[in-house]
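The values are calculated or read from the model by the stated rules, or taken from the named source; none is laboratory data. Not measured: the values here are computed from a predicted model. Cβ sites come from the backbone with ideal geometry, for glycine too, and all protein chains shown count toward neighbours. SASA here: full protein model, heavy atoms, side chains in, ligands and nucleic acids out. Shrake-Rupley method; radii C 1.70, N 1.55, O 1.52, S 1.80 Å.
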Amino acid sequence: MIKEQLLQDLKTAMREKDTLRRDMLQISRAAILQTEKDTLTELDEAGVIALIAKEVKKREELLADLENSGRQDIIDRTNAEIAVFKAYLPEQMDETQVEEIVRKAIAATGAVSARDMGMVMKAVIPEIAGRADNKLVNQVVRRLLA
């Protein structure tokens, strides 16, 4: 399970004095523990993946803001942070794989127009969770239902 892997990798990073990796693993473990405390439930694999994906997304948005700042040191560190988090995410799906799943969901739900988008998204998201950006899924569903 990813939670145990995060803990083991955190211990290794501390032993090896890899501060960047240690810090990112502590951030992810803290987010997991806080979410579990807030919801009074133990996160499953999908929940942990969603939290890690959220951390990646935050940093990718930060990168977009930093592009014109001229601060290459911060950009490099942010890219390194993203790389640490992405190591714990499942392999990301490309647009053709997402489109295939969306087409199956459209056929299964009988969706015919953009009004049925919510129904399709509800069927697709659990299957894709953590393996593709929801923004990409949304674009594919809109395109296929247009």
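What are the residue pairs meeting all of these: first residue in the range 1-15, first residue polar (S, T, N, Q), second residue surrounded by 13 or more Cβ atoms within 10 Å (Cβ to Cβ), Cβ atoms under 9 Å, and 6 or more apart or on different chains?
Gln5/Tyr88; Thr12/Asp18; Thr12/Arg21
Is one or more of the residues making up the range 34-54 hydrophobic (A, V, I, L, M, F, W, C), touching a helix residue (DSSP H, G or I) at 6+ places or on another chain (Cβ under 6 Å) and closer than 28 Å to Arg142 by Cβ?
Yes, some residue in the range 34-54 is hydrophobic (A, V, I, L, M, F, W, C), touching a helix residue (DSSP H, G or I) at 6+ places or on another chain (Cβ under 6 Å) and closer than 28 Å to Arg142 by Cβ.
Is there a residue being under 23 Å from Asn138 (Cα atoms) and hydroxyl-bearing (Ser, Thr, Tyr) anywhere in the range 11-30?
Within the range 11-30 (the criterion being under 23 Å from Asn138 (Cα atoms) and hydroxyl-bearing (Ser, Thr, Tyr)), the answer is no, since none of the residues qualifies.
Of all residues in the range 1-21 being open to solvent by 30 Å² or more (accessible area, probe 1.4 Å) and among the hydrophobic types (A, V, I, L, M, F, W, C), which is farthest from Asn79 (Cα to Cα)?
Across the range 1-21, the extreme among qualifying residues is Met1.
I'd like the full set of residues that are open to solvent by less than 70 Å² (accessible area, probe 1.4 Å) and charged (D, E, K, R), limited to the range 22-44.
Asp23, Arg29, Glu36
For Ala50, state whether it is under 13 Å from the mean Cα position of the chain (by Cα), aliphatic (A, V, I, L, M) and at pLDDT 90 or above.
No, not satisfied.
Does Ser113 meet the test of being in contact with a Phe, Trp or Tyr (Cβ under 9 Å, 6 or more places away or on another chain) and of a type in the set (Ser, Thr, Tyr)?
No; evaluated as a whole, the condition is false for this residue.
How many of the residues in the range 65-120 are open to solvent by less than 60 Å² (accessible area, probe 1.4 Å) and within 23 Å of Val140 (Cβ to Cβ)?
Of the residues in that region, 17 qualify.
Would you check if there is a residue in the range 30-44 being within 19 Å of Lys135 (Cα to Cα) and in a helix (DSSP H, G or I)?
Among the residues of the range 30-44, not one is within 19 Å of Lys135 (Cα to Cα) and in a helix (DSSP H, G or I), which makes the answer no.
Within the range 126-146, restricting attention to residues that are assigned to a helix (DSSP H, G or I) and open to solvent by 50 Å² or more (accessible area, probe 1.4 Å), which residue is nearest to Val48 (Cα to Cα)?
Within the range 126-146, the match that is nearest to Val48 (Cα to Cα) is Pro126.
For the range 77-96, give me each residue that is modelled with pLDDT of 90 or more, of a type outside the set (Val, Ile, Thr) and assigned to a helix (DSSP H, G or I).
Result: Arg77, Asn79, Ala80, Glu81, Ala83, Phe85, Lys86.
Which numbered condition in (1) at pLDDT below 90; (2) under 16 Å from the mean Cα position of the chain (by Cα); (3) closer than 16 Å to Ala132 by Cα is the only one that Ala105 fails?
Exception for Ala105: condition (2).
What are the residue pairs meeting all of these: first residue in the range 119-137, first residue in contact (Cβ under 8 Å) with a residue 24 or more places away in the chain and on the phi > 0 side of the Ramachandran plot, second residue open to solvent by less than 40 Å² (accessible area, probe 1.4 Å) and in a helix (DSSP H, G or I), Cβ atoms under 6 Å, and 6 or more apart or on different chains?
Gly130/Ile49; Gly130/Ala53
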